[in-house]
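I'd like to ask you about the structure that follows.
Please treat every number below as a calculation from the coordinates, not as lab data. This is a predicted model, so every value here is computed, not measured. Cβ placement follows ideal geometry from the backbone for every residue including glycine, while neighbour counts extend to all protein chains displayed.
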Amino acid sequence: MSRTVNCIVLGREVPGLQYLPYPGELGRRIYDNVSQEGWQRWLAHQTMLINEYRLTPMEPKARKFLEEQMEKFFFGGGAEKPSGYVPQAE
């Protein structure tokens, strides 16, 4: 049986992550409070940030920015979209 969490993204009890998704204390907090679906929403948001800001995730400055955005996304009331961002039509 998979573990469940009360997901802070979805606001309900759903299947949790199977492993720590990120190192350190932030990763532990995410593991304890974010569901698989909530994590997938972050990954989509992170991809948008990387593309819109043309980040190179290997650069320490970009990694720091993404970590700050991750903290806001999950525990700081949500992350904002870049100014002027227009989602692609599906």
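So is K81 assigned to a helix (DSSP H, G or I) and under 14 Å from the mean Cα position of the chain (by Cα) or not?
Working: assigned to a helix (DSSP H, G or I): no; under 14 Å from the mean Cα position of the chain (by Cα): yes.
Criteria not met by K81.
Which one is surrounded by the most Cβ atoms within 10 Å (Cβ to Cβ) among residues in the stretch 29-76 that are in a loop (DSSP other than H, G, I, E, B) and either under 12 Å from the mean Cα position of the chain (by Cα) or of a type in the set (D, E) (or both)?
This residue is V34.
Another one. Which residue pairs have Cβ atoms under 8 Å apart, sit 6 or more places apart or on different chains, and have a first residue in the stretch 3-27 that is more than 16 Å from F75 (Cα to Cα) and in contact (Cβ under 8 Å) with a residue 12 or more places away in the chain and a second that is of a type in the set (S, T, Y) and in a loop (DSSP other than H, G, I, E, B)?
From residues that are more than 16 Å from F75 (Cα to Cα) and in contact (Cβ under 8 Å) with a residue 12 or more places away in the chain, the pairs are P15/S2; G16/S2; Q18/S2.
Let me ask something else. When you scan the stretch 46-53, do you find a residue that is of a type in the set (S, T, Y) and either in contact with a Leu (Cβ under 8 Å, 6 or more places away or on another chain) or touching a residue at least 40 places away in the same chain (Cβ under 8 Å) (or both), even just one?
Just the residues of the stretch 46-53 that are of a type in the set (S, T, Y), to begin with: 47, 53.
Adding the requirement that they be either in contact with a Leu (Cβ under 8 Å, 6 or more places away or on another chain) or touching a residue at least 40 places away in the same chain (Cβ under 8 Å) (or both) leaves none.
No; the residues of the stretch 46-53 include none that is of a type in the set (S, T, Y) and either in contact with a Leu (Cβ under 8 Å, 6 or more places away or on another chain) or touching a residue at least 40 places away in the same chain (Cβ under 8 Å) (or both).
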